[in-house]
Amino acid sequence: MGILNSQKKKKKAIERGNQVIEALENYYADNGYYPNKLEELRPKYIKRIPRTGLWNLFSFSVPFQYYPEPMKYREGCFSIRFLNYDDKKNYYYYSISDSFEKDKFINKIDDPELVILDKVTFEDIKILASVIKRYYSDKKKFPDKLEDLIPDYLAAISIPLTVRYTFKSDDDIWNDYVSYSCQQPLSDDESEFPQYYRIRFRYNFDDEYRYSSSDNEWVFISH
C-alpha cells in the first residue's frame, strides 16, 4: 500500500508539473521566449505556481525547479541565490535590476540537534557581485562559475557554496547554499536564438524527475 501511495503522489506531482509546462508554452506563444522565472507566469498564465505536493525525508516541501536556457537578455546578466535561515527567506540577487528579491523559505530544518556552521550575509553577496562585475568589465563576459574568479579577482571563495550542517552525533549533511548562474551577452548574430527549459523535482534525495522542453517528456533518474 505504501509503494502504491507513493507512486500516486509522484504521478500527481507530474500532473502539477504539466500545468506549469502548459503555462510556459502559452507564455512562449504570446511573447516568443520563455520567462526567466516561474513567478513571471502569474497571474495571466497560471493563478499560482503549484508545488509538487511531495515531502522529502527532512519534511521539506518539494518545489519544482525551473531552468531556462538561455534567458532572453541581450546584455547578459547573472544571479546569485542564497538562503537566510535566520528569517526563513530565499534571497535572489539579480544584476539586471541590481537588487535583491526574496521568497519565503519553506524548507527550513527545525531540529534542536542541528547546528548551522556557515552563514552568508548581504554584505558577502554585494562584495561577490562587485567582483563579478569587475570581471565582466575586463573580459566582456561573466565567469561561467565562481571558481573562475580565482586567483586574478579573488584569492579564494570565502562564501560557502554549500551549507554545512552538523548534528551532535557528528554526522554531516550538505545542501545547496549559494548558487550562481549567468547568461553571457548575446552576439550580433543572436538576435533570434533557440531557447529551451528544464523542470525537475527531487524526492527523498534519491529519485529525480526531469522534464526538458527539447525532449518533451518526463524522465526518471535514480541517484
Quiz prompt | In segment 155-194, the residues that are at pLDDT 60 or above, among the polar types (S, T, N, Q) and part of a loop (DSSP other than H, G, I, E, B) | solution = Ser158, Gln184, Ser187
Quiz prompt | Of all residues making up segment 17-50, the number that are open to solvent by 40 Å² or more (accessible area, probe 1.4 Å), in a helix (DSSP H, G or I) and not aromatic (Phe, Trp, Tyr) | solution = 10
Self-check item: Members of segment 203-223 that are modelled with pLDDT of 80 or more and surrounded by 13 or more Cβ atoms within 10 Å (Cβ to Cβ)
Solution: Glu208, Tyr209, Arg210, Tyr211, Ser212, Ser213, Trp218
Quiz item: Hey, among the residues in segment 17-55 that are among the aromatic types (Phe, Trp, Tyr) and under 25 Å from Phe78 (Cα atoms), which one's modelled with the lowest pLDDT?
Solution: Tyr33
Quiz item: Residue check: is Ile109 at pLDDT 85 or above and either surrounded by 12 or more Cβ atoms within 10 Å (Cβ to Cβ) or within 22 Å of Arg198 (Cα to Cα) (or both)?
Solution: no
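Going by what's in this entry, would Asp152 be described as of a type in the set (D, E, K, R) and modelled with pLDDT under 70?
On the way: of a type in the set (D, E, K, R): yes; modelled with pLDDT under 70: no.
Considered against the rule, which asks whether it is of a type in the set (D, E, K, R) and modelled with pLDDT under 70, Asp152 comes out as no.
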Quiz item: Which residue, of Ile14, Ile3, is within 17 Å of Tyr203 (Cβ to Cβ), hydrophobic (A, V, I, L, M, F, W, C), modelled with pLDDT of 90 or more and part of a helix (DSSP H, G or I)?
Solution: Ile14
Practice problem: Could you run through segment 65-78 and say how many residues are modelled with pLDDT of 85 or more and open to solvent by 20 Å² or more (accessible area, probe 1.4 Å)? | Solution: 3
Quiz item: Counting only residues that are open to solvent by less than 60 Å² (accessible area, probe 1.4 Å) and modelled with pLDDT under 80, how many does segment 92-104 have?
Solution: 0
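The values are calculated or read from the model by the stated rules, or taken from the named source; none is laboratory data. This is a predicted model, so every value here is computed, not measured. Note that each Cβ is placed from the backbone with ideal geometry, even for glycine, and that neighbours are counted across all protein chains shown. With ligands, DNA and RNA removed, areas are computed over all heavy atoms of the protein, side chains included. Shrake-Rupley method; radii C 1.70, N 1.55, O 1.52, S 1.80 Å.
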